[in-house]
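Following: one structure in structure tokens, then a few remarks.
Readers should treat all values here as calculations from the given coordinates under stated rules, not as data from a laboratory. All of these numbers come straight from a predicted model, not from anything done at the bench. Note that we place each Cβ from the backbone using ideal geometry, even for glycine, and neighbour counts take in every protein chain shown.
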Amino acid sequence: CTAEIGEEDGWITIRQRRGVPPSVPKPAGPTAWYGRYRDLKMKLALAVGAVALIIGGVIWLKDTFLVIDPGPGTPLGDAVRTDAHIATLLQTLEAYTPSLHRDHSKDTYAISVLLVPLDGSSPKKVLVKEGLAGNSFSLAKVLGSDGRILWYDVNGTGGIDLASFKVMQGGPAELRGLVGYRGLPFRPRVEAALASGFFKDEHTWFGLLSDQELEKEYAPSKWIRRLTSANDAKQPRRFHRGSLGDEAATGSRRIMTMEPIGQENYLNAAFLRMDEGSEPIRLSEPDGALMVYTSEPGLKGTLVLARVDMDGKVIWRIDTAIDRFKLERILPGGQVSTFIGTRLPVPGKVSEPILVLVDHATGKAVTHSLWR
């Protein structure tokens, strides 16, 4: 209703307006249910996505910030020399989440093979096994190479293609035919690669002797063999030249005279040889040999390699930086020899294991860390 007031007489007139019909709900169409289903599906997808993002973020946070990186791998077992590489195993503790009551027996390790080329180029680390318990690979070792594949035994035999560095399963056809293969379970002694001297010719001996050795073993009238091992003794040694008599039935020769060459002494010096059944490695132009000795007495002595001629003159020398008392392995060769050991100790730190390649002709050395 509306009320109107007359302008002339002031009467109030009430008028009734025609009512507006109430709105009638529109009946739902046959596809309305699909719209509601689509809205519900979208909300559900958004909820699932949000939950997935939250879970992924937690996992990423755990793996990135709450996981301990145990550091680089360390050498495992004995190294093997092949035609083109020095191969050694590395063990690496796999990443873990710290806890107040961590059970170390549940630690797992990854095993890799480190291939160090003899030409001095960059090494290659190849992963061969993962997730191994700490007490499950104590017998792991490098077996050797057939020229195309480097074979290893890490809880089962396998190989690395030396061209592609791909890991393959299986084993070699013949173990004894592999370059670098050793059937013995223990590491060779360092002294096996060291000799006290050699026959320059049938009647001349050239060697490194201490005063005590000269008096007891190499004095005139004593007998000398072609293969003479060097003792690991912290004694200074000098070059000596001996004149020899005729060969006896045993292959030994009597020492007629033994004279020192020069005045310089070399601590614990010896000549380098391939193995205990070999004479020292001989070099030409000029004729000579390779000598190893300790740089200085005491606890700071390092291993030095030098090339010398037949008059005891040093052609070149190189300090390997390996602690002489921690020299673990010598892998001699015709053109390049390899020395493995640790650096001198640093207070409060673990000594770094290193591998040093030395070229016989030039004395050029290449050092590789075995922390990888």
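What's the extension gain from R225 to L53 if we count 0.36 nm per residue and subtract their Cα-Cα distance? Could the numbers behind the result be given before it?
Numbers: separation 172, 0.36 × 172 = 61.92 nm, distance 7.82 nm.
This chain segment gains 54.1 nm when fully extended.
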Which label marks the calculated value of Rg/Rh (Cα atoms, Kirkwood Rh), given the options (1) 1.41; (2) 1.51; (3) 1.02? (2)
Once you've got the GNM for the chain with C-alpha springs shorter than 10 Å, pick whichever of D201, D309, D275 has the biggest mean-square fluctuation. D201
Helix axis angle, 32-65 relative to the chain longest principal axis, alpha carbon, degrees: 30
Cα Rg, Dmax (largest Cα-Cα span) when computed across the range 183-281, Å: 13.7, 44
Give the Kirkwood hydrodynamic radius (Å, one decimal) of the range 190-369, defined as one over the mean of 1/r across all pairs of different Cα atoms. 16.7
For the range 260-293 and the range 165-234, distance of Cα centres in Å: 12
May I ask you to evaluate 6.51 cos²θ - 1.76 cosθ + 1.60, the Karplus curve with θ = phi - 60°, for each residue of the range 321-334 and list the ³J(HN,Hα) values in order in whole Hz, giving x for glycine and proline? 6, 8, 4, 4, 7, 10, 5, 9, 8, 10, 10, x, x, x
Quick one: of K222/K364; K129/K349; K124/K364, which pairs are farther than 31 Å apart, Cα to Cα? K222/K364
Can you work out the FRET efficiency for the pair D275 and T97, with r the C-beta to C-beta distance and R0 = 45 Å, to the nearest 0.05? 0.40
Mean separation of Cα pairs under 8 Å and 6+ residues apart, divided by the residue count of the range 190-369: what relative contact order is that in percent? 16
In debye to the nearest 20, how big a dipole does the chain give about its Cα centre with +1 on each Lys and Arg Cβ and -1 on each Asp and Glu Cβ? 1000
Grab the Cα-Cα distance for N265 and D309, subtract it from 0.36 nm times how many residues apart they are, and report the gain in nm with one decimal. 14.3 nm
How much length is gained on full extension from R317 to S284, taking 0.36 nm per residue of separation minus their Cα-Cα distance? 10.2 nm
Listing R81, R372 by rising number of other beta-carbon atoms within 10 angstrom, fewest first, gives R372, R81
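Treating the beta-carbon of each Lys and Arg as +1 and of each Asp and Glu as -1, no other charges, what is the dipole magnitude of the range 190-369 about its Cα centre, to the nearest 20 debye?
380
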Taking Cα pairs closer than 8 Å and at least 6 residues apart, the relative contact order of the range 237-316 in percent is 21
How high is the relative contact order of the chain, in percent, with contacts defined as C-alpha pairs under 8 Å that are six or more residues apart? 9
